[in-house]
1. Where residues in region 185-195 are out of contact with any Lys or Arg (no Cβ under 7 Å at 6 or more places or on another chain) and of a type in the set (D, E, K, R), which of them is farthest from residue 144 (Cα to Cα)?
2. How many residues, within region 215-230, are surrounded by fewer than 22 Cβ atoms within 10 Å (Cβ to Cβ) and under 15 Å from residue 333 (Cβ atoms)?
3. Output the residue which, of all residues in region 117-149 that are free of Cβ contacts under 8 Å to residues at least 12 places away in the same chain and over 21 Å from residue 12 (Cβ atoms), is most open to solvent (accessible area, probe 1.4 Å).
4. Within the bounds of region 209-226, is there any residue that is over 17 Å from residue 185 (Cα atoms) and among the β-branched types (Val, Ile, Thr)?
5. If residue 102 satisfies all but one of (1) of a type in the set (D, E, K, R); (2) open to solvent by 50 Å² or more (accessible area, probe 1.4 Å); (3) outside any loop (DSSP other than H, G, I, E, B); (4) in contact (Cβ under 8 Å) with a residue 12 or more places away in the chain, what's the number of the condition it fails?
6. Tell me which residues, restricted to region 295-336, are within 21 Å of residue 220 (Cα to Cα) and of a type outside the set (D, E, K, R).
7. List every residue pair whose Cβ atoms sit under 9 Å apart, with the two residues 6 or more apart in sequence or on different chains, where the first one lies in region 68-96 and is polar (S, T, N, Q) and the second, anywhere, is open to solvent by 30 Å² or more (accessible area, probe 1.4 Å).
Amino acid sequence: MSISHLLPGRLGFGTAPLGNMFRAIPDDEAAATVTAAWDQGIRYFDTAPFYGAGLSEIRLGDVLAQHPRDAYVLSSKVGRVVLDETEDPAARDLGEKGGLFEHGRPNKMINDYSADATLRSIEDSLKRLRTDRLDIVWVHDVAQDFYGDEWLAAYESARTGAFRVLTRLREEGVIKAWGLGVNKVEPLELTLDLDEPRPDAFLLAGRYTLLDHDRALQRLLPAAAEHHVDLVVGGPYSSGILAGGAHFEYQKAPADIVAKVERIKALAQQHGIGIKAAALQFALAHPATAAAIPGATRPSRIAEDLAALDEKIPAAFWTALREEKLIFADAPVPTA
């Protein structure tokens, strides 16, 4: 049930920013960023219809179409179907993620985790991505941050719809693996408790980072390891605050988070390392983590990510984080 054998490396590329997350990105800049990732050896790309109402998939597909399909691993998501009719992107109800893709395409999106919608979503993604197959499919956002008190109803719809369809597609060899792609731990814990269907992996964004890892560490990751379900870490920089940005959880970072980041940054400076390296390597240090997929909208960011992956971090830095209670005492850390 592991996907480690599928993934070509520990670093992939998360393409949510290519859907014009936070800002309108020129097409040529988006293309240059994907090209930079390819040129520097990145071979795992993750996208979703949700990212700019298909914009991220279109932009990613335009670049990847120039390369042999067997040369890279591709994942997208189901749960939202993009329609031809349009709406005001800024007025969409996105739960806690309001306004996230207000610069994306104006196409209307509907939430639908049924079997039919899952198949349609995959078919539409293949067209936008200009490819004949997806390697991994994630069931997107069946969690509290989008559905509030109704999240269990959305989850149940996915369990009886998308989960079963994706299991069948995996058995038929149409896809190689499936799982959930969410920003919350609870849906993943719920899924691990099911007798069937069995996912291969989870894409968890923002919940196994330097800033927020307690619940995943204590409960989710031990259970995932027991079931041989791998974790792909999305958002290792916590929406950018751990990489010099101002966002946390896709919104402007609150004062307590900014203060915590400043403390981590000060320790990083004392030990002569970059906070980006600390964030990325921490996320990858847990044995259940198969890969991390930071996002980027500028070509230069790819080289920064690769450098952060290779940076030598002294053990004393991790000791200092523990002593200052900035990370949990039992959180695995990289060994030099």
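1. Filtering region 185-195 for residues out of contact with any Lys or Arg (no Cβ under 7 Å at 6 or more places or on another chain) gives 186-188, 190-195.
Now narrow it down to the ones that are of a type in the set (D, E, K, R): 186, 193, 195.
Values: 186: 9, 193: 18, 195: 23 Å.
This residue is 195.
2. To start, the set of residues in region 215-230 that are surrounded by fewer than 22 Cβ atoms within 10 Å (Cβ to Cβ) comprises 215, 217-219, 222-223, 225-228.
Next, only the ones that are under 15 Å from residue 333 (Cβ atoms) stay: 217.
Counting residues in region 215-230 that are surrounded by fewer than 22 Cβ atoms within 10 Å (Cβ to Cβ) and under 15 Å from residue 333 (Cβ atoms) gives 1.
3. The residue in question is 149.
4. The initial filter retains those residues of region 209-226 that are over 17 Å from residue 185 (Cα atoms), namely none.
No.
5. Of everything listed in (1) of a type in the set (D, E, K, R); (2) open to solvent by 50 Å² or more (accessible area, probe 1.4 Å); (3) outside any loop (DSSP other than H, G, I, E, B); (4) in contact (Cβ under 8 Å) with a residue 12 or more places away in the chain, residue 102 misses just condition (3).
6. 326, 327, 328, 329, 331, 332, 333, 334
7. Once the first residue is polar (S, T, N, Q) and sits in region 68-96, its partners that are open to solvent by 30 Å² or more (accessible area, probe 1.4 Å) give 76/126; 76/128; 86/105; 86/106; 86/108.
The values are calculated or read from the model by the stated rules, or taken from the named source; none is laboratory data. All of these numbers come straight from a predicted model, not from anything done at the bench. Neighbour counts are summed over all protein chains in view; Cβ atoms, including those assigned to glycine, are modelled from backbone coordinates with ideal geometry. In case anyone asks, the SASA skips ligands and DNA or RNA and just uses the protein heavy atoms, side chains included. Shrake-Rupley method; radii C 1.70, N 1.55, O 1.52, S 1.80 Å.
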